[in-house]
Amino acid sequence: MLETDTDQSDPLLPFDGRQSEVAAELQRGVCRAFRSRGHSVVTELSLASGRRADVVALSPGGDVVIIEIKSCLLDYRSDGKWQDYLSYCDRLYFAVTADFPREVIPDAAGLILADRYGAELMREPAEERLPAARRKAMTLCFARAAALRLQRHLDSACGFEI
(Lines give C-alpha, C1' and ligand atoms only; values in the text may rest on other atoms or scores of the structure.)
Protein backbone atom coordinates (compact mmCIF):
# COMPACT_ATOMS: atom_id res chain seq x y z
CA MET A 1 0.00 0.00 0.00
CA LEU A 2 1.36 3.42 -0.93
CA GLU A 3 1.19 6.02 1.78
CA THR A 4 1.81 9.73 1.57
CA ASP A 5 -0.14 11.91 4.00
CA THR A 6 -0.86 9.07 6.43
CA ASP A 7 2.80 8.48 7.27
CA GLN A 8 3.17 9.25 10.98
CA SER A 9 6.89 10.02 10.90
CA ASP A 10 7.90 13.67 11.13
CA PRO A 11 8.67 15.14 7.69
CA LEU A 12 10.08 18.24 9.37
CA LEU A 13 13.21 16.67 10.76
CA PRO A 14 16.00 16.99 8.18
CA PHE A 15 18.69 15.90 10.65
CA ASP A 16 18.02 13.28 13.29
CA GLY A 17 21.10 13.92 15.43
CA ARG A 18 22.38 10.37 15.06
CA GLN A 19 24.64 11.11 12.10
CA SER A 20 28.35 11.26 12.51
CA GLU A 21 30.19 14.42 11.53
CA VAL A 22 31.58 12.58 8.48
CA ALA A 23 28.08 11.53 7.37
CA ALA A 24 26.78 15.09 7.77
CA GLU A 25 29.66 16.42 5.67
CA LEU A 26 29.05 13.82 2.94
CA GLN A 27 25.37 14.71 2.94
CA ARG A 28 26.22 18.40 2.50
CA GLY A 29 28.53 17.69 -0.44
CA VAL A 30 26.02 15.38 -2.11
CA CYS A 31 23.24 17.95 -1.78
CA ARG A 32 25.47 20.64 -3.30
CA ALA A 33 26.41 18.39 -6.22
CA PHE A 34 22.84 17.40 -7.04
CA ARG A 35 21.63 21.00 -6.72
CA SER A 36 24.33 22.02 -9.21
CA ARG A 37 22.84 19.44 -11.61
CA GLY A 38 19.40 21.06 -11.31
CA HIS A 39 17.89 18.60 -8.83
CA SER A 40 15.87 19.54 -5.78
CA VAL A 41 16.98 17.70 -2.66
CA VAL A 42 15.45 16.68 0.64
CA THR A 43 17.45 15.00 3.37
CA GLU A 44 16.30 12.38 5.87
CA LEU A 45 13.05 11.70 4.01
CA SER A 46 10.77 9.11 5.61
CA LEU A 47 9.39 6.59 3.14
CA ALA A 48 6.07 4.75 3.33
CA SER A 49 8.01 1.60 4.30
CA GLY A 50 9.19 3.27 7.51
CA ARG A 51 12.75 3.58 6.23
CA ARG A 52 14.41 6.97 6.07
CA ALA A 53 16.46 7.87 3.00
CA ASP A 54 19.58 9.94 3.64
CA VAL A 55 19.11 12.11 0.54
CA VAL A 56 16.34 12.10 -2.05
CA ALA A 57 16.87 14.13 -5.20
CA LEU A 58 14.14 15.00 -7.66
CA SER A 59 15.37 15.80 -11.17
CA PRO A 60 13.83 18.52 -13.33
CA GLY A 61 12.21 15.70 -15.34
CA GLY A 62 10.71 14.01 -12.27
CA ASP A 63 13.24 11.21 -11.77
CA VAL A 64 13.56 10.11 -8.14
CA VAL A 65 17.09 9.42 -6.94
CA ILE A 66 18.05 8.10 -3.51
CA ILE A 67 21.57 8.58 -2.18
CA GLU A 68 22.64 6.39 0.74
CA ILE A 69 25.47 7.97 2.76
CA LYS A 70 28.13 5.61 4.12
CA SER A 71 30.68 7.24 6.41
CA CYS A 72 32.93 4.19 6.75
CA LEU A 73 33.14 0.48 5.95
CA LEU A 74 31.61 -0.48 9.30
CA ASP A 75 28.63 1.77 8.56
CA TYR A 76 28.19 0.01 5.21
CA ARG A 77 28.57 -3.52 6.59
CA SER A 78 26.23 -2.97 9.53
CA ASP A 79 23.45 -1.60 7.33
CA GLY A 80 21.77 -4.18 5.14
CA LYS A 81 18.66 -2.15 4.42
CA TRP A 82 19.84 -0.39 1.25
CA GLN A 83 17.93 -2.80 -0.99
CA ASP A 84 14.70 -1.63 0.66
CA TYR A 85 15.19 1.74 -1.07
CA LEU A 86 15.20 0.31 -4.59
CA SER A 87 11.41 0.27 -4.89
CA TYR A 88 11.27 3.99 -4.05
CA CYS A 89 13.63 5.39 -6.68
CA ASP A 90 14.66 5.27 -10.30
CA ARG A 91 18.33 5.16 -9.32
CA LEU A 92 20.23 4.44 -6.11
CA TYR A 93 23.69 5.74 -5.29
CA PHE A 94 26.09 5.25 -2.43
CA ALA A 95 28.06 8.32 -1.38
CA VAL A 96 31.36 7.62 0.34
CA THR A 97 34.64 9.30 1.20
CA ALA A 98 37.63 9.12 -1.15
CA ASP A 99 39.36 6.52 1.05
CA PHE A 100 36.35 4.17 1.25
CA PRO A 101 37.01 0.70 -0.27
CA ARG A 102 34.90 1.14 -3.41
CA GLU A 103 35.00 -2.51 -4.43
CA VAL A 104 32.42 -3.41 -1.76
CA ILE A 105 29.73 -1.21 -3.33
CA PRO A 106 27.39 -3.36 -5.47
CA ASP A 107 27.80 -2.92 -9.23
CA ALA A 108 24.09 -2.16 -9.67
CA ALA A 109 24.36 0.87 -7.38
CA GLY A 110 25.84 4.18 -8.38
CA LEU A 111 28.97 5.46 -6.68
CA ILE A 112 29.62 9.01 -5.54
CA LEU A 113 32.80 10.31 -3.91
CA ALA A 114 31.94 13.21 -1.65
CA ASP A 115 33.28 15.59 0.94
CA ARG A 116 31.77 18.62 2.65
CA TYR A 117 32.27 20.83 -0.40
CA GLY A 118 30.86 18.73 -3.20
CA ALA A 119 30.71 15.33 -4.83
CA GLU A 120 31.74 13.56 -8.00
CA LEU A 121 29.71 10.86 -9.72
CA MET A 122 32.08 7.95 -10.29
CA ARG A 123 29.63 5.35 -11.57
CA GLU A 124 26.04 5.53 -12.76
CA PRO A 125 23.66 2.96 -11.26
CA ALA A 126 21.32 0.58 -12.98
CA GLU A 127 18.02 2.29 -13.65
CA GLU A 128 14.70 0.76 -12.65
CA ARG A 129 11.85 3.10 -13.54
CA LEU A 130 9.25 3.57 -10.84
CA PRO A 131 5.65 2.57 -11.56
CA ALA A 132 3.43 5.63 -12.03
CA ALA A 133 1.60 5.25 -8.71
CA ARG A 134 4.83 4.96 -6.71
CA ARG A 135 6.36 7.93 -8.59
CA LYS A 136 3.33 10.05 -7.72
CA ALA A 137 3.47 8.96 -4.08
CA MET A 138 7.19 9.74 -3.86
CA THR A 139 6.77 13.12 -5.56
CA LEU A 140 3.97 14.04 -3.14
CA CYS A 141 5.99 12.84 -0.15
CA PHE A 142 8.97 14.89 -1.33
CA ALA A 143 6.89 18.01 -2.01
CA ARG A 144 5.05 17.83 1.29
CA ALA A 145 8.25 17.43 3.31
CA ALA A 146 9.94 20.28 1.46
CA ALA A 147 6.95 22.61 1.88
CA LEU A 148 6.54 21.84 5.58
CA ARG A 149 10.25 22.38 6.23
CA LEU A 150 10.17 25.68 4.35
CA GLN A 151 7.13 26.83 6.31
CA ARG A 152 8.83 25.97 9.59
CA HIS A 153 11.92 27.88 8.46
CA LEU A 154 9.89 30.94 7.48
CA ASP A 155 7.67 30.87 10.58
CA SER A 156 9.05 28.83 13.45
CA ALA A 157 5.88 29.52 15.48
CA CYS A 158 3.57 28.16 12.77
CA GLY A 159 2.30 25.32 14.91
CA PHE A 160 4.69 22.50 13.98
CA GLU A 161 6.00 20.73 17.03
CA ILE A 162 9.28 18.86 16.88
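Below are the figures for this structure:
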item	result
One residue from Ala126, Ala147 being in contact with a Gly (Cβ under 9 Å, 6 or more places away or on another chain), of a type in the set (A, V, I, L, M) and not in a strand (DSSP E or B)	Ala126
Which numbered condition Arg144 fails, given (1) surrounded by 14 or more Cβ atoms within 10 Å (Cβ to Cβ); (2) at pLDDT below 95	(2)
Single residue of the stretch 114-130 satisfying the filter (more than 10 Å from Tyr93 (Cα to Cα) and basic (Lys, Arg)) that is surrounded by the most Cβ atoms within 10 Å (Cβ to Cβ)	Arg116
Arg129, sole failed condition from (1) out of contact with any helix residue (DSSP H, G or I) (no Cβ under 6 Å at 6 or more places or on another chain); (2) more than 23 Å from Gly61 (Cα to Cα); (3) without any contact (Cβ under 8 Å) to a residue 60 or more places away in the chain	(2)
Those residues of the stretch 101-112 which are surrounded by fewer than 21 Cβ atoms within 10 Å (Cβ to Cβ) and farther than 16 Å from Glu127 by Cβ, in sequence order	Pro101, Arg102, Glu103, Val104
The stretch 97-131, residues that are in contact with a Ser or Thr (Cβ under 8 Å, 6 or more places away or on another chain) and β-branched (Val, Ile, Thr)	Thr97
Those residues of the stretch 68-79 which are over 16 Å from the mean Cα position of the chain (by Cα) and small (Gly, Ala, Ser), in sequence order	Ser78
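The values are calculated or read from the model by the stated rules, or taken from the named source; none is laboratory data. If you're wondering where the values come from, they're calculated on a predicted model, not measured in any experiment. All Cβ positions, glycine included, derive from the backbone under ideal geometry; neighbour counts span all protein chains shown.
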